[in-house]
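S.K.: Below is the structure I would like to discuss, written out as structure tokens.
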Amino acid sequence: LGGVKRETARHRTNTTQTAAEVIVSACRDWDRKPLLVSLAPLTNIALALELEPALPMLCPDLILMGGTVTAPGNVGPLSEANIANDPEAAQRVLTAGFNTRIAGLDVTMKTWLDDDFLESLRRLNNRAGPFIWNITRFYEHAHQIHGGFPSGMPLHDPSTLLMYLRPSMYATDRWPAVVDTTPYPSTSRGMVLADRRGGPLTPPPPANVTLHFAMQVNATEARSILYSRIGSLATNADEEMTLF
């Protein structure tokens, strides 16, 4: 959070199970099967697959933020941090058979939050807007120093949930893909290699290809929805803050 002090958590964390065990338990036991959402390296879902190989049948839907198909990488020439931090886990998960929707750098970098947008959050009459503005100071500065961007920041993790909640804002392509697991320090380690070959007359990939890559986004609408939802959040400490 960039050193910003946050409020004391109201709910305790269950530490009796590992993350992988929680995933498996939920997918096995919940009447309404959970949607798997990954905003980090895919390590825990890969570990859950080790515990329960039938996980894609128990919880078939997975959405994640990670990778890039055509956009430049952010930790390598064509590698993104979440995938590159555990390529072996990513390869295991992306080939497991989940119905997977992927919000990678191809759309998150296009959903740019400029200074005017971030300042508008700061002026909101609630706790969330100023808090988000504060925690993005470090992140925006990092993009200036390490990314070479004069101002603003991309919308990474929230794009994943927006893609689920507002699928009409995103254009996706279904392609087979593998993850490069060449040992470090190879510069290709962590690359997502999507097979995009073919032309307008080429038949679609077979039905067992279940990776859907978001390639285009209505960024204006995404920013509008984000601002509206943040603006509707609690104005005092006695109310819960739930963004989506």
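S.K.: Can you confirm whether the stretch 155-177 contains a residue that is touching a Ser or Thr at 6+ places or on another chain (Cβ under 9 Å), of a type in the set (S, T, N, Q), more than 22 Å from Ala96 (Cα to Cα) and open to solvent by 70 Å² or more (accessible area, probe 1.4 Å)?
M.R.: no
S.K.: Tyr139 - would you say it is open to solvent by 40 Å² or more (accessible area, probe 1.4 Å), within 27 Å of Tyr227 (Cβ to Cβ), at pLDDT 95 or above and within 18 Å of the chain's Cα centre (by Cα)? First the steps, then the outcome.
M.R.: Working: open to solvent by 40 Å² or more (accessible area, probe 1.4 Å): yes; within 27 Å of Tyr227 (Cβ to Cβ): yes; at pLDDT 95 or above: no; within 18 Å of the chain's Cα centre (by Cα): yes.
Answer is no for this residue.
S.K.: Suppose the filter is open to solvent by less than 60 Å² (accessible area, probe 1.4 Å), touching a residue at least 40 places away in the same chain (Cβ under 8 Å) and closer than 25 Å to Tyr170 by Cα; does Pro56 pass it?
M.R.: Details: open to solvent by less than 60 Å² (accessible area, probe 1.4 Å): yes; touching a residue at least 40 places away in the same chain (Cβ under 8 Å): yes; closer than 25 Å to Tyr170 by Cα: yes.
Yes; evaluated as a whole, the condition is true for this residue.
S.K.: If the Cβ limit is 9 Å and pairs must be 6+ apart or interchain, which residue in the stretch 1-26 that is over 30 Å from Gly129 (Cα atoms) pairs with which residue that is exposed (fewer than 10 other Cβ atoms within 10 Å of the Cβ)?
M.R.: Close Cβ pairs (under 9 Å, with a partner that is exposed (fewer than 10 other Cβ atoms within 10 Å of the Cβ)) amount to Val22/Asn14.
S.K.: Right, here's the next one. Within the stretch 178-197, how many residues turn out to be assigned to a loop (DSSP other than H, G, I, E, B) and either among the basic types (Lys, Arg) or buried (at least 20 other Cβ atoms within 10 Å of the Cβ) (or both)?
M.R.: Looking only at the stretch 178-197, we keep the residues that are assigned to a loop (DSSP other than H, G, I, E, B), and these are 180-190, 195-197.
After this cut, where a residue has to be either among the basic types (Lys, Arg) or buried (at least 20 other Cβ atoms within 10 Å of the Cβ) (or both) as well, the list is 180, 189-190, 196-197.
Here the count works out to 5.
S.K.: Are there any helices (runs of 4 or more DSSP H) wholly within the stretch 42-88 with 2 or more residues that are touching a helix residue (DSSP H, G or I) at 6+ places or on another chain (Cβ under 8 Å) and not hydrophobic (A, V, I, L, M, F, W, C), and if so which? Let's see the steps before the verdict.
M.R.: Details: elements: 43-51, 55-58, 81-84.
Hits in the stretch 42-88: 43-51.
S.K.: Out of the residues in the stretch 208-244 that are among the polar types (S, T, N, Q) and either part of a loop (DSSP other than H, G, I, E, B) or modelled with pLDDT under 75 (or both), state the one that is nearest to Trp175 (Cα to Cα). Explain how you work it out, then say what you get.
M.R.: Looking only at the stretch 208-244, we keep the residues that are among the polar types (S, T, N, Q), and these are 208, 210, 216, 218, 220, 224, 228, 232, 235-236, 242.
Keeping just the survivors that are either part of a loop (DSSP other than H, G, I, E, B) or modelled with pLDDT under 75 (or both) gives 208, 210, 218, 232, 235-236, 242.
On the way: Asn208: 10, Thr210: 8, Asn218: 21, Ser232: 37, Thr235: 44, Asn236: 46, Thr242: 34 Å.
Here the residue is Thr210.
S.K.: Which of the residues that make up the stretch 112-170 are aliphatic (A, V, I, L, M) and in contact with a helix residue (DSSP H, G or I) (Cβ under 9 Å, 6 or more places away or on another chain)? Write out each step before concluding.
M.R.: Residues of the stretch 112-170 aliphatic (A, V, I, L, M): 113, 118, 121, 124, 128, 132, 135, 142, 145, 153, 155, 161-163, 165, 169.
Matches in the stretch 112-170: Leu113, Leu118, Leu121, Leu124, Ala128, Ile132, Met153, Leu155, Leu162, Met163, Leu165, Met169.
S.K.: Outside any strand (DSSP E or B), charged (D, E, K, R) and within 26 Å of Ile102 (Cβ to Cβ), is that true of Arg28?
M.R.: yes
The values are calculated or read from the model by the stated rules, or taken from the named source; none is laboratory data. Keep in mind that this is a model prediction, so the values were computed, not measured. Note that each Cβ is placed from the backbone with ideal geometry, even for glycine, and that neighbours are counted across all protein chains shown. When the accessible area is computed, the model is the full protein with side chains, heavy atoms only, and any ligands, DNA or RNA have been set aside. Shrake-Rupley method; radii C 1.70, N 1.55, O 1.52, S 1.80 Å.
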